[in-house]
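Enquirer: Here it is: the structure, laid out below.
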Amino acid sequence: MYDVAIVGCGIIGAATAYQLARYRLSVVVLEAMNDVANATTKANSAILHAGYDPEPGTKMARLNVEGVKMAKELCEKLSVERREIGSFVLAFSQEEMATVRELFDRGNKNGVPGLRVLTGEEVRAMEPAISGEVVGALYAPSAAIVSPWEFCLALAETAVRNGVELRLSSPVTAIEKREGSFLLRTASGDVEARYVVNAAGVESDRVHAMVGGDSFHITPNRGEYYLLDKTQGTLVDKVVFQCPNKDGKGVLVAPTVHGNLIVGPNAQAVDGPDEVGNTAAGLAFVKKMALKSVPGINFRDSIRNFAGVRANSDQSDFIIEESEAAPGFINLGGIKSPGLSAAPAIGVEAVKLLQGCGLQLEEKDSFTDTRSRVVFRHLPPEEKERMVRENPLYGRVICRCETITEGEIVEAIHRPIVPRTIDAIKRRCNAGMGRCQGGFCGPRVHEILSRELGLPLNEILMDEEGSYILTQPTKEGK
């Protein structure tokens, strides 16, 4: 029997596993997908919000500010790409300036450092590409951008290094309440645990219902994006928001840690978590709103469109609590924006709740709390030469757009959480993330995965289960 079972390994499940790995506990993480960070965590705006938006006194407000402070240290010691670049909330009228001042007051109450209200001229002096129609803005210097899937992977990988068990392709299909424990039915076999943490994202209400809970309900909400080539990546240096409304923080324009420009999202309620297709109407809206903020965006340099589904709930705040229907069952639900920002602090809250339920915590004598990885393109020339001498695989560039070497790909394959798909490699070392979107390097990554994993080419997938690239005829020729 496990002490704790965590359902879901997006950023919230990974942050919880990371915190629990510090203690002498047996912990298992059950992830429905065949890789971590493969749902909402991989398809969002990649922003660590400063914390001025949530209502003061809410869990969102407190955990947002705490989470971004924790993320700064975590990203540094776990080798996660993060840049503190600041953000603007633009106002296009005096009415919207009233909203800006309200956000300024709210942010000060939430403890956000360095907030300033700027005039339109001051905004354009800092960001010349901003629209001449802007009359003012809120400036938040502590906002940052991050690689969200790399952040999640780093937390999950560190948890695994410290003894947490991760089961991929293990969707939970039923939960049976027992005396002092829970029996979870999964695709990879039954799991019994004394406590359960429900970090199932858009599916969290369904997982809660398995133990008889109905205290909250999730409405999946789709947001669509443009990802633009690096030729557009320096158009703005900061995250550019418009004034928020009932649908969220609005369409943003921001650089990414990889040097691209991201634009989006819209907000549309959908029927289920799998509705991640793009729509002509949704993308047209995103484009129109983005050009209002930054008129010079060249959408002809778009290299990819994508969509993510957020876990909007019928409650205005994060749901972080023990279930009334099942003592020892912790819900981490309705974690929409600023969920990525708050994730590290939510992990700490989950541990506190488990302790309050009776989980005994004893810290380990040792805890591996650092992580390193090679990003070859960022190394100085002499270091590159040394690495190629020691391992010639670093001298073979596989992804030309992003300058990713075979050495980096092989190293990623042999880390604690083994990538088994082409997109899993993309999330670990950026191969296939560039202008051609894997058109050149995809077949080579395919071959490397096959070789290193000892699997035939037709068993290597593009991404999720069933995304076959090659098929092989049966003995009957069918």
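Enquirer: Restricting attention to region 9-35, report how many residues are open to solvent by 10 Å² or more (accessible area, probe 1.4 Å), over 15 Å from G308 (Cβ atoms) and of a type outside the set (D, E).
Expert: Of region 9-35, the ones open to solvent by 10 Å² or more (accessible area, probe 1.4 Å) are 10-12, 19, 22-26, 31-34.
Applying the additional criterion that residues be over 15 Å from G308 (Cβ atoms) yields 19, 22-26, 31-32, 34.
From what's left, of a type outside the set (D, E): 19, 22-26, 32, 34.
The qualifying residues number 8.
Enquirer: Can you confirm whether region 422-435 contains a residue that is open to solvent by 40 Å² or more (accessible area, probe 1.4 Å) and either assigned to a strand (DSSP E or B) or over 25 Å from L78 (Cα atoms) (or both)? Show your work before the answer.
Expert: In the first step, residues of region 422-435 are kept if they are open to solvent by 40 Å² or more (accessible area, probe 1.4 Å); the result is 435.
Retained after the next criterion (residues that are either assigned to a strand (DSSP E or B) or over 25 Å from L78 (Cα atoms) (or both)): 435.
Scanning region 422-435, I find at least one residue that is open to solvent by 40 Å² or more (accessible area, probe 1.4 Å) and either assigned to a strand (DSSP E or B) or over 25 Å from L78 (Cα atoms) (or both), so the answer is yes.
Enquirer: Now for a different question. Just wondering, is there one or more residues in region 362-385 that are farther than 20 Å from L153 by Cα, at pLDDT 95 or above, of a type outside the set (D, E) and crowded, with 16+ Cβ neighbours inside 10 Å?
Expert: yes
Enquirer: Ok, one more. Checking S302 against (1) under 17 Å from L228 (Cβ atoms); (2) without any contact (Cβ under 8 Å) to a residue 60 or more places away in the chain, which single condition isn't satisfied?
Expert: With (1) under 17 Å from L228 (Cβ atoms); (2) without any contact (Cβ under 8 Å) to a residue 60 or more places away in the chain applied to S302, the lone miss is (2).
Enquirer: Please determine, by comparing only the residues of region 447-470 that are in a loop (DSSP other than H, G, I, E, B) and not aliphatic (A, V, I, L, M), which one is most open to solvent (accessible area, probe 1.4 Å).
Expert: Of region 447-470, the ones in a loop (DSSP other than H, G, I, E, B) are 454-456, 460, 462-467, 469-470.
Subset that is not aliphatic (A, V, I, L, M): 454, 456, 463-467.
Details: G454: 64, P456: 57, D463: 17, E464: 75, E465: 121, G466: 51, S467: 34 Å².
Ranking the candidates gives E465 first.
Enquirer: Quick one: G67 ticks every box in (1) touching a Lys or Arg at 6+ places or on another chain (Cβ under 9 Å); (2) surrounded by 23 or more Cβ atoms within 10 Å (Cβ to Cβ) except a single one, so which number is it?
Expert: Condition (1) is where G67 drops out.
Enquirer: If I ask for residues that are more than 19 Å from L354 (Cα to Cα) and in contact (Cβ under 8 Å) with a residue 60 or more places away in the chain, which ones from region 163-186 would you list?
Expert: Selection gives L166, R167, L168, S169, S170, P171, V172, T186.
Enquirer: Can you pull out every residue in region 165-211 that is surrounded by 22 or more Cβ atoms within 10 Å (Cβ to Cβ) and among the β-branched types (V, I, T)?
Expert: V172, I175, V191, V196, V197, V202, V207
Enquirer: Same structure, new question: Considering only residues that are in a loop (DSSP other than H, G, I, E, B), at pLDDT below 95 and surrounded by fewer than 18 Cβ atoms within 10 Å (Cβ to Cβ), which ones fall in region 220-249?
Expert: Keep residues of region 220-249 that are in a loop (DSSP other than H, G, I, E, B), which gives 229, 233-238, 243-244, 246-247, 249.
Going one step further and asking which of them are at pLDDT below 95, we end up with 243-244, 246-247, 249.
Once the filter is applied, which keeps residues that are in a loop (DSSP other than H, G, I, E, B), at pLDDT below 95 and surrounded by fewer than 18 Cβ atoms within 10 Å (Cβ to Cβ), region 220-249 yields P244, K246, D247.
Enquirer: Among the residues of region 129-150, which ones are of a type in the set (S, T, N, Q) and in contact with a strand residue (DSSP E or B) (Cβ under 7 Å, 6 or more places away or on another chain)? Show your work before the answer.
Expert: We begin by selecting, within region 129-150, every residue of a type in the set (S, T, N, Q); these are 131, 142, 147.
Hit for region 129-150 is S142, nothing else.
Enquirer: One residue is enough: does region 36-47 have a residue meeting the conditions open to solvent by 40 Å² or more (accessible area, probe 1.4 Å), closer than 30 Å to I175 by Cα and part of a helix (DSSP H, G or I)?
Expert: Filtering region 36-47 for residues open to solvent by 40 Å² or more (accessible area, probe 1.4 Å) gives 39-40, 42.
Retained after the next criterion (residues that are closer than 30 Å to I175 by Cα): 39-40, 42.
Checking the rest, the ones that are also part of a helix (DSSP H, G or I) come to 40, 42.
Yes.
Enquirer: If you go through region 70-116, how many residues are within 23 Å of K292 (Cβ to Cβ) and touching a Leu at 6+ places or on another chain (Cβ under 6 Å)? Can you show your working first?
Expert: Looking only at region 70-116, we keep the residues that are within 23 Å of K292 (Cβ to Cβ), and these are 85-104, 116.
So of that shortlist, the ones also touching a Leu at 6+ places or on another chain (Cβ under 6 Å) come out as 89, 100, 103-104.
Going through region 70-116 one residue at a time, the tally reaches 4.
Enquirer: Tally time: how many residues in region 336-380 are among the acidic types (D, E) and either part of a loop (DSSP other than H, G, I, E, B) or at positive phi (or both)? Full working, then the answer.
Expert: As a first pass, look at region 336-380 and keep what is among the acidic types (D, E): 349, 362-363, 365, 369.
Of the ones still in play, those that are also either part of a loop (DSSP other than H, G, I, E, B) or at positive phi (or both) are 362, 365, 369.
Summing the residues that are among the acidic types (D, E) and either part of a loop (DSSP other than H, G, I, E, B) or at positive phi (or both) in region 336-380 gives 3.
Enquirer: When region 287-315 is examined, which residues are found to be closer than 25 Å to T219 by Cα, in a loop (DSSP other than H, G, I, E, B) and either open to solvent by less than 50 Å² (accessible area, probe 1.4 Å) or modelled with pLDDT under 95 (or both)?
Expert: none
Enquirer: Considering each residue of region 48-92, count those that are out of contact with any helix residue (DSSP H, G or I) (no Cβ under 8 Å at 6 or more places or on another chain) and part of a strand (DSSP E or B), and give that number.
Expert: 2
Enquirer: Can you name the residue in region 99-142 that is of a type in the set (D, E) and outside any loop (DSSP other than H, G, I, E, B) and, of all such residues, is most open to solvent (accessible area, probe 1.4 Å)?
Expert: If we filter region 99-142 for residues that are of a type in the set (D, E), which is where we start, we get 102, 105, 121-122, 127, 133.
Filter once more, so that each one left must be outside any loop (DSSP other than H, G, I, E, B): 102, 105, 121-122.
On the way: E102: 96, D105: 84, E121: 129, E122: 80 Å².
For region 99-142, the residue satisfying everything is E121.
The values are calculated or read from the model by the stated rules, or taken from the named source; none is laboratory data. The shown structure was predicted, so the numbers you read here are calculated from the model rather than taken from an experiment. Cβ coordinates were reconstructed from backbone atoms using ideal geometry, including for glycine residues, and neighbour counts include every protein chain displayed. Calculation scope for accessible area: heavy atoms of the full protein, side chains included, ligands and nucleic acids excluded. Shrake-Rupley method; radii C 1.70, N 1.55, O 1.52, S 1.80 Å.
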